[in-house]
Structure formats: C-alpha cells, structure tokens
Amino acid sequence: MPNPDFSTSAPSPQEGNPVSTAPLWTRAATAIVLTLFLGGIALYWNTRAFPWQFDDERYLLENPLIKDSQSFAFLTWFREFASTAGASGLHRDLHINFILRPVSYLTFYIDYLRAGFDLTTFRTTNILIHAINSDLVFILSWLLIRRIRSTEILGHSSRFFISTTAALLFTAHPLHTESVTYIVQRFTALGAMFYLAGIIFQILSHDAPHRWLRWTLRAFAALSLLAGMLSKEFTVTAPIALLLIEIGMLGFTFRSALSHCRLAVLTLPVVPALVWLTNATLTDETTLTSALDIVNFDGGRAYGYHYLISQASVVLGYLRRLFLPYGFNVDPDIPLFQSLREANVWGPTLLLAALFVSGAIVFVRRRPISSQMLIGGGVIWFFLVISVTSSIVPLPDLMAERRTYLPSVGIALAVATVLDQLRRRSRRGAFALLAVCVMALVASTVMRNEVWRSEVSLWLDSATKSPRKARPAGNLAVAYLRQGNLDACEIWLERSLSLGPRYKLGYINLARFYGDERKDRTKALVTLEKAAKLWPNDSSIDYYRGLTLARLGRLPEAIEVLKSVVSANKAHTGAHATLAEIYHSLKQTDSALAHLNQAIRHGLDTPPIQRLRAMLESVADQD
C-alpha cells in the first residue's frame with residue numbers, strides 16, 4: 001500500500017523547478033497560525049508587569065536618544081552624531097547601538113510616545129513580536145516543504161506536522177525568554193521577524209502569476225531584510241541564506257538564484273558599511289581589525305583571537321541548552337581560552353565541524369531527499385546565523401542565550417523533520433513524544449519567566465549559577481539596595497570585589513554605598529583611591545572621587561580632580577554640575593555659571609539645575 005506522506009513522482013532538480021500541485025494555503029493552516037499566535041501571547045502574558053532589568057535602564061530609561069525624534073535623523077549629521085559618542089557623557093556603546101539599530105529604537109520611541117516608559121506597553125510589544133515570529137516559523141516551514149526540490153515530495157500530513165512542530169518548539173522553548181522578557185533585547189526578536197518575513201516574501205515570489213507581482217514581492221523581501229539589518233546585525237546573513245535556499249532547496253542554478261535574489265543581495269553591504277563608517281568616525285582608523293573591534297571596549301587587541309577560539313565551547317553550550325533545556329543563566333561564567341594548545345579548545349571545535357559537514361553533505365547531495373534536506377538545511381541555518389556572534393566579531397559577553405533565538409529555527413525544523421519520520425512509523429509514539437516535549441518546554445518557560453519577576457530573583461539565580469563571577473554578585477547587590485536590604489547589599493558588593501579585583505563598577509558601587517547609604521565618606525574615598533590606582537585617569541572613577549572630596553569639604557582637591565574630568569570629557573554633565581555647586585559655595589558666581597551652562601548645554605536640564613541657574617544669574621546681575 002503506498003505511503004500517503006510522500007511521493008517519488010517529482011522531476012529531478014536538474015529538470016528545472018517543478019510547479020507544486022499542493023495548495024499554497026488552507027483553512028487549516030489559518031487555524032494553526034491563529035492558535036500559535038494566541039499561544040505565544042498566552043505563554044508570556046503574565047510577564048507584562050515584570051520590572052525593568054539590567055541594561056533596560058542604560059539603553060532605555062536613561063537613554064536621551066530615544067526621547068528625541070531628532071536622533072533618528074542622524075544620517076543627516078552623521079559625523080557630528082557619531083563623534084559625540086562618549087564625549088556626551090553617555091557610554092560610547094549607546095551611540096554605536098543607535099546607529100546600527102535605528103529600526104529597533106524606532107519601535108522603542110513609538111512605545112515611549114504612546115505611554116511614556118510604561119512597562120506594560122513595552123513588554124506587550126515584545127510579546128506580540130514573539131507571537132508573530134511563531135507564525136512566521138510555521139509559514140516559512142510550510143512554504144519550504146511545498147516548494148522543495150527532491151526525489152521525494154513530502155505529503156500534506158508531513159507538511160502540516162513538520163511546520164506545526166517546528167513552530168511549537170520555537171514558540172515554547174525557554175531559551176527564548178531572554179529575547180522576549182528582557183525588554184531591550186527586542187533587538188533580537190525584531191531582527192528575527194524581518195529576517196523570516198524577508199525569506200517568506202522571496203519564496204512567495206515564485207508563485208506570483210505576474211512579473212510585476214513577482215518583483216513587488218522581491219522588493220518587499222529586500223526592504224524587510226534591510227529593516228532587519230537596521231534592527232540587529234545578524235540579519236546580514238539573510239541574503240546568503242536566501243541564495244542557499246534557492247540553490248539547495250528550490251533547485252535553481254547559482255546564476256538563476258542570484259538573479260532572483262539580486263535586490264536582497266544589494267542589502268548585503270549595509271551592516272559592514274555602517275560598522276566601518278561608525279568606527280572610522282569614532283577612531284579615525286579604517287582597518288578591518290579596528291572595525292571588527294567596534295564594541296570591544298575593554299578586552300584589548302588579543303581579545304578577538306581569544307573570543308574566536310572560545311566560541312566552539314560556547315556554541316556547543318547553546319546546542320546543549322536547545323536539546324536539554326536547563327541551567328539557563330542571564331550572565332553565565334564561560335572560560336576565555338588563551339591558546340589553541342589548551343585541551344578544551346579542540347574537542348568542541350572538531351565536534352561542531354563534524355556536525356556542520358554532516359549537515360552540508362546531506363544538503364548538497366546529488367539526489368536529494370526532502371526530509372534529509374530539511375535536516376541538513378536546518379543545521380546549516382543554525383551555523384550560518386550563529387556565525388555573526390560566534391566568530392570573528394568579539395562581543396563583550398562570550399555567551400548570551402538571546403543569540404540562539406533565530407538560529408534555533410533551524411534546529412526546530414530539523415527536529416520536527418526527525419519527529420515526522422518517526423510519525424510515519426509510529427503515529428502514536430510521535431505525537432506522544434511531541435506532546436511531552438512541548439509540555440516540558442512550556443513548563444520550563446513558565447518557570448524561567450518567574451526568575452525574571454524581580455531583580456533580586458534574577459541576579460540571585462545568576463550569582464548562584466556563576467559563583468566565581470563578579471558581575472552577577474555586583475548586580476545582586478544593587479538589586480538588594482533597591483529593595484532596601486542594606487546589609488545584604490554590602491555583603492554582595494564586597495563579594496563582587498573579592499571575586500573580581502579588577503571589577504571597576506564594583507569599586508564605584510561600593511564607594512557610592514559607603515558614601516550615600518552608610519554616610520562613611522572617608523571609607524568611600526579610600527575605595528575610590530584604590531580604584532584610581534588600578535584605572536588612572538578614568539573619568540567615571542575620578543568623577544565620584546571628586547564628588548566625595550567635595551562632600552568631605554576638601555574643595556581645592558575636588559576642583560582639581562573634577563577639572564581633570566571635564567578636560568578629558570568636555571560634556572561630562574555630572575562633573576560640570578558639581579563644579580558649579582562648588583564654585584557657588586565659594587561665591588565664584590562666574591565660574592559656577594560657566595560650568596552650569598555647560599551641564600545644561602549637554603543635556604542636564606532638570607528643575608533643580610534651572611533653579612540654581614536662575615539664582616546664579618540673579619546674583620550675577622546684582623554684582
């Protein structure tokens with residue numbers, strides 16, 4: 001009796017692209033899309049009131065760029081905008097981030113216009129993007145299976161099963177909580193949305209009955225990929241993914257595929273050009289090495305090499321978390337390897353190489369089989385997308401779970417195809433295994449989201465899982481401070497410095513704790529003096545050192561230190577404001593006004609500052 005799930009009657013890939021007799025869409029597919037969308041929303045709906053976390057403050061709440069519509073016109077004054085990075089008193093990465101990801105920041109700006117910094121609004125947008133991505137994974141899988149070129153055409157039931165299973169595994173996986181519940185990491189989910197949509201538009205163009213509609217869809221594909229590239233940089237791999245799909249899965253020659261994808265391929269230089277231009281403006285260096293190091297702020301020149309050789313074990317860690325979903329950590333403690341001679345470098349590297357080669361062999365075989373092509377294509381998809389963050393571009397964090405968001409689509413497709421092969425042999429067994437997997441993933445996602453319910457729970461979880469890393473301990477201390485638990489805060493601040501003697505932020509936070517909470521400014525100054533010896537001429541340390549000296553009444557020393565800060569960073573608003581207060585106390589009105597005006601000019605325009613300015617101007621008029 002013939003198997004209804006596949007046929008061998010399709011032409012070989014060499015005979016040209018066959019026209020599928022399967023329907024482009026069905027009512028059942030619409031029902032699945034609606035169910036996936038609602039399921040994705042329901043899975044994360046209870047997180048809407050969770051607090052801002054970690055970098056949400058730096059990149060959103062304290063970031064003046066997203067509050068000013070003029071920031072989005074930076075291309076018209078690019079050199080001035082980019083060159084103020086760091087000098088404006090903001091961290092340099094804020095400007096770089098804004099330049100490279102303006103579409104993501106535009107969505108944050110829209111949320112801000114709608115409701116200010118209302119948590120529910122921002123989180124609801126993140127949840128909706130994830131729900132849309134769940135549908136896009138289903139649609140992409142559905143269209144690929146319909147148009148795939150092979151000696152085996154998968155039947156209607158396989159098409160439904162694989163597409164639905166891949167989307168379910170993607171939607172429910174707890175590894176994605178960081179991309180959804182962590183508000184600022186909308187970068188990742190939004191970039192993935194445009195990436196998936198662009199590929200879908202391109203595949204749909206092959207079914208267009210008219211030439212004008214075909215090229216309209218391809219234009220939409222290119223625009224979607226462009227929006228993705230301006231949301232997060234990993235979308236730079238999308239034109240390559242499109243070419244691989246057209247050649248390897250749809251059966252076109254390289255020349256034909258390049259012709260079909262030429263609009264999408266035109267977007268390929270966008271991310272490299274923006275990175276190079278931004279780096280050249282910031283550093284006056286035009287070398288490739290310098291451009292690759294654009295966000296390597298503290299690692300040094302050798303860090304890029306160390307980062308690269310450490311990534312095999314990191315990628316293996318991603319795969320372990322995808323297949324065995326436990327041990328999630330917002331700030332994992334990953335070893336940074338220094339040399340290829342280290343024993344733990346080659347094992348993961350060879351294992352990943354074997355996995356990639358196996359996937360590639362299956363993908364490019366002469367007489368392809370649909371199920372094998374989906375598995376091999378899924379493996380190649382994973383490695384292609386993850387390559388941006390796990391290769392030659394050194395990022396500050398060796399590992400971040402959000403980086404698996406889009407690469408996991410390939411793994412979900414491969415696993416769904418394997419389960420479909422099991423379904424052909426044992427329908428009950430396959431559905432039982434799928435049900436267990438999905439329920440386990442949903443339960444794990446719900447539990448993982450609970451960790452994000454408060455700052456203390458998030459960082460206690462991380463500090464427990466990374467007991468030898470300074471940053472989780474330091475962030476837990478700050479979380480306890482905001483909770484009002486001063487004793488716990490002090491314990492974890494001191495622990496962060498014992499774990500990381502060169503953890504600069506730990507010194508600053510401990511000094512601020514002594515000065516602001518314990519009112520022991522002498523102890524605060526001692527802590528800052530230790531930090532100043534480790535990082536001489538560091539403006540952040542020197543600013544707090546000058547501020548502490550002023551509070552101790554040592555005004556001449558405070559003026560000297562703070563002047564060195566504004567000399568190195570003319571737009572340091574905090575140092576200008578503190579100098580204004582010191583000069584005001586010394587009755588030096590002209591100097592106070594000069595520094596206060598500098599603080600206001602560079603963005604520190606608060607009611608207390610304006611009141612001080614009015615008072616100083618009044619005194620100046622009387623004089």
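Just one of 431, 356, 382 is under 20 Å from residue 319 (Cα atoms) and either among the acidic types (Asp, Glu) or open to solvent by 20 Å² or more (accessible area, probe 1.4 Å) (or both); which is it?
356
Just one of 160, 194 is over 20 Å from residue 234 (Cβ atoms), of a type in the set (Phe, Trp, Tyr) and either in a loop (DSSP other than H, G, I, E, B) or open to solvent by 10 Å² or more (accessible area, probe 1.4 Å) (or both); which is it?
160
State yes or no: is residue 55 free of Cβ contacts under 8 Å to residues at least 12 places away in the same chain and either surrounded by 17 or more Cβ atoms within 10 Å (Cβ to Cβ) or not basic (Lys, Arg) (or both)?
Criteria not met by residue 55.
Quick check: anything in region 214-228 in contact with an Asp or Glu (Cβ under 7 Å, 6 or more places away or on another chain), open to solvent by less than 20 Å² (accessible area, probe 1.4 Å), closer than 18 Å to residue 405 by Cα and not small (Gly, Ala, Ser)?
No, region 214-228 contains no residue that is in contact with an Asp or Glu (Cβ under 7 Å, 6 or more places away or on another chain), open to solvent by less than 20 Å² (accessible area, probe 1.4 Å), closer than 18 Å to residue 405 by Cα and not small (Gly, Ala, Ser).
Within region 420-472, restricting attention to residues that are part of a helix (DSSP H, G or I) and aromatic (Phe, Trp, Tyr), which residue is farthest from residue 157 (Cα to Cα)?
459
List every residue pair whose Cβ atoms lie under 6 Å apart, where the two residues are 6 or more positions apart in sequence or sit on different chains, the first residue falls within region 378-402 and is under 22 Å from residue 412 (Cβ atoms) and in contact (Cβ under 8 Å) with a residue 40 or more places away in the chain, and the second residue, located anywhere, is open to solvent by less than 30 Å² (accessible area, probe 1.4 Å) and of a type in the set (Phe, Trp, Tyr).
What qualifies is 380/363; 385/234; 388/234.
Touching a Leu at 6+ places or on another chain (Cβ under 8 Å), open to solvent by less than 20 Å² (accessible area, probe 1.4 Å) and in a helix (DSSP H, G or I): is that true of residue 144 in this structure?
For residue 144, the condition - touching a Leu at 6+ places or on another chain (Cβ under 8 Å), open to solvent by less than 20 Å² (accessible area, probe 1.4 Å) and in a helix (DSSP H, G or I) - is met.
Just to be sure before I move on: is residue 94 open to solvent by 10 Å² or more (accessible area, probe 1.4 Å) and part of a helix (DSSP H, G or I) in the structure I sent?
In short, no.
Please state which one of 172, 241, 208, 189 is aliphatic (A, V, I, L, M), more than 27 Å from residue 394 (Cβ to Cβ) and either crowded, with 24+ Cβ neighbours inside 10 Å or touching a residue at least 12 places away in the same chain (Cβ under 8 Å) (or both).
It is 172.
Quick one: which of 214, 218 is over 16 Å from residue 133 (Cα atoms), in a helix (DSSP H, G or I) and in contact (Cβ under 8 Å) with a residue 40 or more places away in the chain?
218 is the lone residue from the list that is over 16 Å from residue 133 (Cα atoms), in a helix (DSSP H, G or I) and in contact (Cβ under 8 Å) with a residue 40 or more places away in the chain.
Would a scan of region 150-170 turn up a residue that is closer than 24 Å to residue 323 by Cβ, within 18 Å of the chain's Cα centre (by Cα) and either of a type outside the set (D, E, K, R) or at pLDDT 95 or above (or both)?
yes
If the requirement is being at pLDDT 95 or above, outside any helix (DSSP H, G or I) and hydroxyl-bearing (Ser, Thr, Tyr), which of these qualifies: 224, 231?
Only one candidate qualifies: 231.
Of the conditions (1) of a type in the set (Gly, Ala, Ser); (2) within 26 Å of residue 172 (Cα to Cα); (3) open to solvent by 40 Å² or more (accessible area, probe 1.4 Å), residue 256 satisfies every one except a single condition; which number is it?
(2)
Condition check: within 26 Å of residue 452 (Cα to Cα), among the basic types (Lys, Arg), in a helix (DSSP H, G or I) and out of contact with any strand residue (DSSP E or B) (no Cβ under 6 Å at 6 or more places or on another chain). Does residue 79 satisfy that?
No; evaluated as a whole, the condition is false for this residue.
Looking at residue 279, is it more than 22 Å from residue 233 (Cβ to Cβ) and open to solvent by less than 20 Å² (accessible area, probe 1.4 Å)?
No; evaluated as a whole, the condition is false for this residue.
Which one of the conditions (1) assigned to a helix (DSSP H, G or I); (2) farther than 27 Å from residue 402 by Cα; (3) polar (S, T, N, Q) does residue 286 fail to meet, given that it meets all the rest?
(1) is the only condition that residue 286 fails.
Could you list, in sequence order, the residues of region 552-575 that are under 34 Å from the mean Cα position of the chain (by Cα) and in a helix (DSSP H, G or I)?
565, 566, 568, 573, 574, 575
Would you call residue 399 at pLDDT 95 or above, open to solvent by 30 Å² or more (accessible area, probe 1.4 Å) and closer than 30 Å to residue 193 by Cα?
No; evaluated as a whole, the condition is false for this residue.
Output the qualifying pairs, or none if there are none: Cβ atoms under 7 angstrom, residues six or more apart or on different chains, first residue in region 453-466 and of a type in the set (Phe, Trp, Tyr), second residue outside any loop (DSSP other than H, G, I, E, B).
459/472; 459/475; 459/476; 459/479
Going by what's in this entry, would residue 117 be described as in a loop (DSSP other than H, G, I, E, B) and over 16 Å from residue 180 (Cα atoms)?
For residue 117, the condition - in a loop (DSSP other than H, G, I, E, B) and over 16 Å from residue 180 (Cα atoms) - is met.
Residue under question is residue 285, and the condition is that it be under 29 Å from residue 379 (Cβ atoms), open to solvent by 40 Å² or more (accessible area, probe 1.4 Å), acidic (Asp, Glu) and free of Cβ contacts under 8 Å to residues at least 40 places away in the same chain; does it hold?
Here the answer is no, as residue 285 does not meet what is asked.
Working only within region 289-344, note down all residues that are free of Cβ contacts under 8 Å to residues at least 12 places away in the same chain, of a type outside the set (A, V, I, L, M, F, W, C), open to solvent by 20 Å² or more (accessible area, probe 1.4 Å) and assigned to a helix (DSSP H, G or I).
Scanning region 289-344 gives 305, 320.
The values are calculated or read from the model by the stated rules, or taken from the named source; none is laboratory data. Small disclaimer: the values here were computed from a predicted structure and weren't measured. Backbone-built Cβ (ideal geometry, glycine too); neighbour counts: all protein chains shown. Accessible surface areas use protein heavy atoms only, side chains included; no ligands, DNA or RNA. Shrake-Rupley method; radii C 1.70, N 1.55, O 1.52, S 1.80 Å.
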